[in-house]
Amino acid sequence: MQLLPPERVTRTKQFVPDACANCHAELPREAGPADPEPKRFQTVEVPPIPLEVMEYQAHARTCACCGHVTHATVPAEIR
């Protein structure tokens, strides 16, 4: 995976060694001129996507003339 450019990075976590792995001497916190560039790894976190809950309601109406109740139907492609 290709790394995003530094200006697109929103947070950085640095890991700096405290001591030499060979002689165990204390190492400086700041990089010196002979130190290589850090190895970079990136992760991209996708924020939670809010759910949209759609409710379909099929209403019914009572006819004032004959009293028959007529129900609407939710279309089959929605059900």
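The values are calculated or read from the model by the stated rules, or taken from the named source; none is laboratory data. Bear in mind that the values here come from a model prediction, so they are computed numbers and not experimental data. Don't worry about glycine lacking a Cβ; one is built from the backbone with ideal geometry, like all the others, and counts go over all protein chains shown. Please note that ligands, DNA and RNA were not included when accessible areas were found on the heavy atoms of the full protein model with its side chains. Shrake-Rupley method; radii C 1.70, N 1.55, O 1.52, S 1.80 Å.
State yes or no: is Ala76 open to solvent by less than 100 Å² (accessible area, probe 1.4 Å), of a type outside the set (Ser, Thr, Tyr), touching a Ser or Thr at 6+ places or on another chain (Cβ under 7 Å) and in a loop (DSSP other than H, G, I, E, B)?
Values: open to solvent by less than 100 Å² (accessible area, probe 1.4 Å): yes; of a type outside the set (Ser, Thr, Tyr): yes; touching a Ser or Thr at 6+ places or on another chain (Cβ under 7 Å): no; in a loop (DSSP other than H, G, I, E, B): yes.
For Ala76, the condition - open to solvent by less than 100 Å² (accessible area, probe 1.4 Å), of a type outside the set (Ser, Thr, Tyr), touching a Ser or Thr at 6+ places or on another chain (Cβ under 7 Å) and in a loop (DSSP other than H, G, I, E, B) - is not met.
Among the residues of region 40-60, is any in contact with a Ser or Thr (Cβ under 8 Å, 6 or more places away or on another chain) and not charged (D, E, K, R)? Yes: region 40-60 contains one or more residues that are in contact with a Ser or Thr (Cβ under 8 Å, 6 or more places away or on another chain) and not charged (D, E, K, R).
Just checking, how many residues over region 17-55 are surrounded by 10 or more Cβ atoms within 10 Å (Cβ to Cβ) and not acidic (Asp, Glu)? Spell out how you get there, then give the answer.
Taking region 17-55 first, the residues surrounded by 10 or more Cβ atoms within 10 Å (Cβ to Cβ) are 19-20, 27, 31, 35, 38, 40, 42.
Then keep just the ones that are not acidic (Asp, Glu); that gives 19-20, 27, 31, 38, 40, 42.
The qualifying residues number 7.
A search for C-beta distances below 8 Å between a residue of region 43-72 that is more than 30 Å from Val9 (Cα to Cα) and any residue that is open to solvent by 100 Å² or more (accessible area, probe 1.4 Å) and assigned to a loop (DSSP other than H, G, I, E, B), counting only pairs 6+ apart in sequence or on different chains, returns Ala58/Thr73; Thr62/His68.
Within region 1-56, the set of residues being in contact with a strand residue (DSSP E or B) (Cβ under 9 Å, 6 or more places away or on another chain) and either outside any loop (DSSP other than H, G, I, E, B) or closer than 30 Å to Pro75 by Cβ (or both) comprises Ala19, Glu26.
If you filter region 57-68 down to residues that are in contact with a strand residue (DSSP E or B) (Cβ under 9 Å, 6 or more places away or on another chain) and open to solvent by less than 100 Å² (accessible area, probe 1.4 Å), you find that the one that is nearest to Arg79 (Cα to Cα) is Ala58.
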